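FYI, it's all coordinate maths here, none of it is from the lab. This one's a predicted model, so the numbers in the text were calculated from it and none came from an experiment. Methodologically, a virtual Cβ is constructed for each residue, glycine included, from the backbone with ideal geometry; neighbour enumeration extends over all protein chains shown.
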C-alpha cells in the first residue's frame, strides 16, 4: 500500500508541474491601458488650450500629431500582447493531460513493472522459495506438459531403430533382466526418447534398490531432468539426496540442486552450489552447465564473482603443436604432463585430472610413473568410490591396474 501512495503522490506532483502553465493567467496589460487614457486626456487638453487661445492652430496640430502617434503605438502594443486563453479550454486541456499522464504511467508499470508483486523481505523470500519447492508438480506432470514431438528426431540407421523396437517389446517380458533395462534406457536416450529412457532407468534403479551404483543414480537424475526439459521434480530431488548421502561432494547432485534452487527463487543458494561445481576442477559436463548460468545467479544474489579460467593448453599452444615435428610434439606433450603432475602434487586436483595424468603417462610408455600416481591416487581419494572408479579405469587402460 505504501508503494502506491508514493506513486500517486509523485504522479500528482509531476502533473501539477506540467499543468501549471495552463492554469496561469496571461500577462497583465494594465500599464498600456493607463498610457492610452493619458494620451486621450492630453488630446482633450489640447482642444481646451486651443479654445482658450493658449495654443495657436499650428502648435495645436503638431501637439495632436505627436499625441496621436504615441496613442497609436500604445494601441499596437496592447494588440500584440498574448491574449488570455479561455478558461474552459485551459481546464479541458488540463483534464486531458492529467488523464494521459496517469494512463501512460499505469500502462508502463503494468507492462514493464511487477504489478501485484508484494514487498519481499529476506525472511519472506526464503519462505516463498520453500513453498515453491514444496508445491512443485510431479515428474509425470512435468513430462505431460512438454510437447515431446517438438524435439528434433535423432537420425539413426533403420536396423538400429528396429533393434531398439525389439528391446521395447522384450525387456518388459523379462522384468528381472537388469542388463536389459540398462540397455533399453541407454538406447532410448540415444534416440532422444528421454521419457522412455527415464522409465527404463527408473525401473533398473528400483529393482536394484540399495545396490544401484552412483553412476546409475546419476544417469537416472540426468534422464529425469532431461525428460522434464530442465525442471527438477520432487522425484528427481529424492534421487539427488541419495547421491549426496553417498557422496557429499557429488558434482551432478550439486549442479542439479543449484538448478532446483534457481527455479524456486533462491539464486543465493544456486550461486553457492554452482561456485563449488565450477571451481571443482572436474571435467564433467555439469561444470560447463554451471559456468553458463552462474553469472546470472551471482547478479540476482547480489554477489560479485569472476569466472575462473579454464585449465588446459591454450589456443596458441595448440596452434604451435600443429606445426611441430613428431619429436617436438612429444617434447611439448611431456612438458604438459610434467606440469600437470607438478600441479596435482602441490595443489591437488579432481579425479578427472588424476585419471588424465595416468592415461597420458600410459600413452607415453611411462608405466612405472603411472603406477606410482595410481598408488598415490588411492590414498588421496580413499573412501570416494565414484572418484576411484574413474581413476581405476584410467589405470587399467594404462596397464597398471587390474
Residues 354, 274, sorted so that the one with the fewest Cβ neighbours within 10 Å comes first
354, 274
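Quick one: if the Förster radius is 51 Å, what FRET efficiency do residue 168 and residue 103 give, using the C-beta to C-beta distance and rounding to 0.05? Please report the intermediate quantities before stating the final value.
On the way: r = 60 Å, r/R0 = 1.17.
Efficiency computed from Cβ-Cβ geometry: 0.30.
How high is the FRET efficiency from residue 206 to residue 134, r the C-beta distance, R0 22 Å, rounded to 0.05? Walk me through the numbers before you get to the answer.
Numbers: r = 24 Å, r/R0 = 1.10.
Efficiency, from the Cβ-Cβ distance: 0.35.
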So how do 200-207, 62-69 stack up, highest first, on mean other-Cβ count within 10 Å?
200-207, 62-69
Can you give me the relative contact order of the stretch 132-301 as a percent, contacts being Cα pairs under 8 Å and 6 or more apart?
18 percent
Here the equivalent ellipsoid of the stretch 176-223, derived from its Cα gyration tensor, has semi-axes (largest first, whole Å) of 16, 11, 8
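Fewest Cβ neighbours within 10 Å first, please rank 218, 242 accordingly. Working shown, then result.
On the way: 218 21, 242 18.
Least to most surrounded, the residues fall as 242, 218.
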Segment residue 213-residue 48, length gained on full extension (0.36 nm per residue, minus Cα span):
46.7 nm
Please arrange 359, 309 by how many other C-beta atoms lie within 10 Å of their C-beta, fewest to most.
309, 359
